[in-house]
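Structure first, commentary second.
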Amino acid sequence: MASLNRPGGNVTGVVFFSSVLGTKRLELLRQLVPKGTIGMLANPGTESDVERNDVQVAAKAAGQELIIFDVASVRDIETAFATLVQRGVDALFVGGGAFLFSNQERVIALAARHSLAATYSQREFVTSGGLMSYGSNQSDAYRQAGVYVGRILKGEKPSDLPVMQSTKFEFVINLKTAKTLGLEVPPTLLALAEEVIE
């Protein structure tokens, strides 16, 4: 019987789990900005739909107002930020997925320009100037995928290799960005971080 671990056929791979960690990212953002409205950028019709739903449910359960902006183009990103500012959003949750990752420089710059505390799904956003991220360790997952490629090239069948799931997750905070935004990062939040960029 097929499962995530053994999907059947001639298939194997590595699952990154970026989008299913949304509730944890929301919880971390709420520790930094406990009150106010949170805006969310989401790319509809993609793997981030699960994240979107989970974050909506978690925000509602916490009594946090969440305004979701669907973005599928660069123009949508610009429009979403203009609306965020108009609506007085206090923090930003940037959804996972390839589209937002490929537009990370634009999203980070707009969050900085509008002084928004923002959380992202991957550490690359934070090393590029974003505030904080929580997600699977991409380097570790790529290493795992490379090991599988090597095993397949040496003759193993993909169907004999179970799908590996990311087991290494990291929380990264950019204190330089926090300082620029005028945010005081609580010591309890700093203690949770695997990496603090100063």
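The values are calculated or read from the model by the stated rules, or taken from the named source; none is laboratory data. Because the structure is predicted, anything quoted here is derived from the model rather than measured. Heads up, the Cβs are rebuilt from the backbone with ideal geometry, glycines too, and the neighbour counts pull from every protein chain shown.
Is at least one residue of segment 63-81 modelled with pLDDT of 95 or more and in contact with a His (Cβ under 7 Å, 6 or more places away or on another chain)? Yes: segment 63-81 contains one or more residues that are modelled with pLDDT of 95 or more and in contact with a His (Cβ under 7 Å, 6 or more places away or on another chain). Kindly indicate whether any position in segment 41-53 is closer than 22 Å to Ala178 by Cα, within 17 Å of the chain's Cα centre (by Cα) and loosely packed, with under 15 Cβ neighbours inside 10 Å. The answer is no; no qualifying residue exists. Per the listing Ala109, Ala91, Ala80, Ala59, the residue uniquely over 27 Å from Lys176 (Cβ atoms) and more than 14 Å from the chain's Cα centre (by Cα) is Ala59.
Exactly one residue among Tyr142, Tyr148, Tyr134 is closer than 25 Å to Ile108 by Cα and either in a helix (DSSP H, G or I) or at pLDDT below 75 (or both), and that residue is Tyr142.
For Thr119, work out the one condition from (1) at pLDDT 75 or above; (2) assigned to a helix (DSSP H, G or I) it doesn't fulfil. Of the numbered conditions (1) at pLDDT 75 or above; (2) assigned to a helix (DSSP H, G or I), the odd one out for Thr119 is (2).
Selection of segment 1-50 for residues being modelled with pLDDT of 90 or more, among the hydrophobic types (A, V, I, L, M, F, W, C) and not in a loop (DSSP other than H, G, I, E, B) yields Leu26, Leu28, Leu29, Leu32, Ile38, Met40, Leu41, Ala42. Only a single criterion out of (1) more than 24 Å from Thr23 (Cβ to Cβ); (2) surrounded by 19 or more Cβ atoms within 10 Å (Cβ to Cβ) is not satisfied by Gly150, namely (2). Suppose the filter is free of Cβ contacts under 8 Å to residues at least 60 places away in the same chain, crowded, with 23+ Cβ neighbours inside 10 Å, in contact with a helix residue (DSSP H, G or I) (Cβ under 7 Å, 6 or more places away or on another chain) and assigned to a helix (DSSP H, G or I); does Leu100 pass it? Against the criterion (free of Cβ contacts under 8 Å to residues at least 60 places away in the same chain, crowded, with 23+ Cβ neighbours inside 10 Å, in contact with a helix residue (DSSP H, G or I) (Cβ under 7 Å, 6 or more places away or on another chain) and assigned to a helix (DSSP H, G or I)), Leu100 qualifies. For Phe125, the test of being assigned to a helix (DSSP H, G or I) and in contact (Cβ under 8 Å) with a residue 24 or more places away in the chain is passed. If the condition is being out of contact with any Ser or Thr (no Cβ under 8 Å at 6 or more places or on another chain) and either surrounded by 13 or more Cβ atoms within 10 Å (Cβ to Cβ) or at positive phi (or both), then segment 177-189 contributes Thr177, Ala178, Thr180, Leu183, Val185, Leu189.
Pick from segment 51-94 the residues that are in a helix (DSSP H, G or I) and among the small types (Gly, Ala, Ser): which of them is nearest to Arg113 (Cα to Cα)? For segment 51-94, the residue satisfying everything is Ala82.
When Ser128 is tested against the conditions (1) among the polar types (S, T, N, Q); (2) within 17 Å of Glu170 (Cα to Cα); (3) surrounded by 18 or more Cβ atoms within 10 Å (Cβ to Cβ), the lone failure is (3).
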